[in-house]
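The values are calculated or read from the model by the stated rules, or taken from the named source; none is laboratory data. Here the structure is a predicted model, which means the values were calculated and not measured. Ideal geometry is used to build each Cβ from the backbone, glycine not excepted, and the neighbour counts take in all protein chains shown. In case anyone asks, the SASA skips ligands and DNA or RNA and just uses the protein heavy atoms, side chains included. Shrake-Rupley method; radii C 1.70, N 1.55, O 1.52, S 1.80 Å.
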Amino acid sequence: MQRSIGVLATGHLWAAVVDDISLGECRIYPAPGEDLDLKTLPAGDIIAKLRDQICELAKDGEIASVGAGFPGVIRGGVILESPNMGQLKGLHLADDLHQALKGCGIDVPVCALNDADALATGIAATHQSVDDLVRVWYLGNGVGFGRHPHNNGVWEAGHMVVSLDPKERFCGCGGAGHLEGIVGHRAMRLRFLDMEPEEVFAAARHNDPRAVEFVKRWHRALAAATANSIHLDGPGRFYIAGPNAEFVDVRVLGGYMHEMVKMSPLQGSHFQIVNTGHDLGLIGAAVASRSK
Ligand SMILES: [Zn+2]
């Protein structure tokens, strides 16, 4: 059985032992209830904190590898861009963590990957097979897109252009017409200054015309981005995760997607909502580190 450590940086720093594909002991920093925003923590402190968490976890048995899932564009173990944790830009995450761990006697392969890609690997390992193509939309403050198996390239599909309307400018990256600018939580708050996203979806259920119109557009945007992915990468199963997965009407979303994908070899895609906290991302980060 393979014993690895999975790490995730999403709101908190999570580190967990993963035996094969089951989650073991887990460490969280800051502790629940502790008032500290990771965005204010310098990159060096984040590495030091992860080193401490991993060294603690490794005391109970040898580990084979470490995989770290972080938000942003990550290539070759380096965080090239991370809009929501700006202090990480340029961080040599894999190398720095590897060196830090060596300092406490742990010399194992360390890999770094995008957190949504870690989630896709976690879903592949637990729901399908690690040989299958898995794509996942993570609907939160922004919109993450994860793909397994890992591919070279950028894959910032949350920023796919789904509208030609020049007024669609709510994306966190500043780009016009982006999926995240319609579907992301932050973008919805900017669009409806007087209503929270939960209230918008509730108003749509009560037939408020403005809310109904937006909820249609919200589903069409996600369907359009999915259709784009199908036209580039082929049909398949699309998972939906994250706190705002609860807003998704899978039947409506599938209907729009089928309107947008008509070529016969591209048929057969569907959506599935997957309930996960951090478990699948941690498992995926650990599993991904084994194939390094
Ligand atoms: Zn964008």
Discussion item. Looking only at segment 10-43, count every residue that is of a type in the set (Val, Ile, Thr) and open to solvent by 40 Å² or more (accessible area, probe 1.4 Å) and tell me the total.
Written reply: 4
Worksheet entry | Within segment 59-120, strands (runs of 3 or more DSSP E) holding 3 or more residues that are closer than 19 Å to LEU280 by Cα | 66-70, 110-114
Response to the item:
Selection over segment 155-167 where residues are near the ligand (Cβ under 10 Å from one of its atoms) and either out of contact with any Gly (no Cβ under 6 Å at 6 or more places or on another chain) or open to solvent by less than 60 Å² (accessible area, probe 1.4 Å) (or both) yields a count of 4
Fill in: Some residue of segment 44-55 being in a helix (DSSP H, G or I), under 30 Å from GLY174 (Cβ atoms) and open to solvent by 70 Å² or more (accessible area, probe 1.4 Å)
yes
Fill in: First in segment 191-202 and of a type in the set (D, E, K, R), second anywhere and in a loop (DSSP other than H, G, I, E, B), Cβ under 6 Å, 6 or more apart
ARG191/PHE170
Discussion item. Being more than 16 Å from the ligand (Cβ to nearest atom) and either at pLDDT below 95 or small (Gly, Ala, Ser) (or both): is that true of SER129 here?
Written reply: yes
Worksheet item: If we keep just the residues of segment 76-88 that are over 21 Å from GLY140 (Cα atoms) and in contact with a Gly (Cβ under 9 Å, 6 or more places away or on another chain), which is most open to solvent (accessible area, probe 1.4 Å)?
Response: LEU80
Practice prompt. Please specify each residue of segment 182-229 satisfying the condition of being within 12 Å of PHE247 (Cα to Cα) and in contact with a Gly (Cβ under 9 Å, 6 or more places away or on another chain).
Written response: VAL183, GLY184, HIS185, HIS219
Discussion item. Among the listed residues ALA176, ALA221, ALA245, identify the single one that is within 16 Å of the ligand (Cβ to nearest atom), surrounded by 15 or more Cβ atoms within 10 Å (Cβ to Cβ) and either of a type in the set (D, E, K, R) or under 17 Å from TYR138 (Cβ atoms) (or both).
Written reply: ALA221
Discussion item. Every residue in segment 257-271 that is out of contact with any Gly (no Cβ under 7 Å at 6 or more places or on another chain), of a type outside the set (A, V, I, L, M, F, W, C) and either open to solvent by less than 60 Å² (accessible area, probe 1.4 Å) or part of a loop (DSSP other than H, G, I, E, B) (or both), please.
Written reply: LYS262, GLN267, GLY268
Discussion item. Checking the condition away from the ligand (no atom under 11 Å from the Cβ), open to solvent by 40 Å² or more (accessible area, probe 1.4 Å), outside any helix (DSSP H, G or I) and within 21 Å of GLU198 (Cα to Cα), which residue from ASN152, ASN141 passes?
Written reply: ASN141
Worksheet item: How many of the residues making up segment 50-73 are out of contact with any helix residue (DSSP H, G or I) (no Cβ under 9 Å at 6 or more places or on another chain) and under 18 Å from ASN84 (Cβ atoms)?
Response: 1
Worksheet item: Within segment 185-197, can one find any residue that is surrounded by 18 or more Cβ atoms within 10 Å (Cβ to Cβ), within 19 Å of PHE145 (Cβ to Cβ) and among the hydrophobic types (A, V, I, L, M, F, W, C)?
Response: yes
Worksheet item: Across segment 18-45, what is the number of residues that are touching a residue at least 60 places away in the same chain (Cβ under 8 Å) and in contact with a Lys or Arg (Cβ under 8 Å, 6 or more places away or on another chain)?
Response: 1
Worksheet entry | Pairs, first closer than 23 Å to ALA116 by Cα in segment 159-177, second near the ligand (Cβ under 7 Å from one of its atoms) and charged (D, E, K, R), C-beta under 7 Å, six or more apart | HIS159/GLU180; CYS171/GLU180; GLY172/GLU180
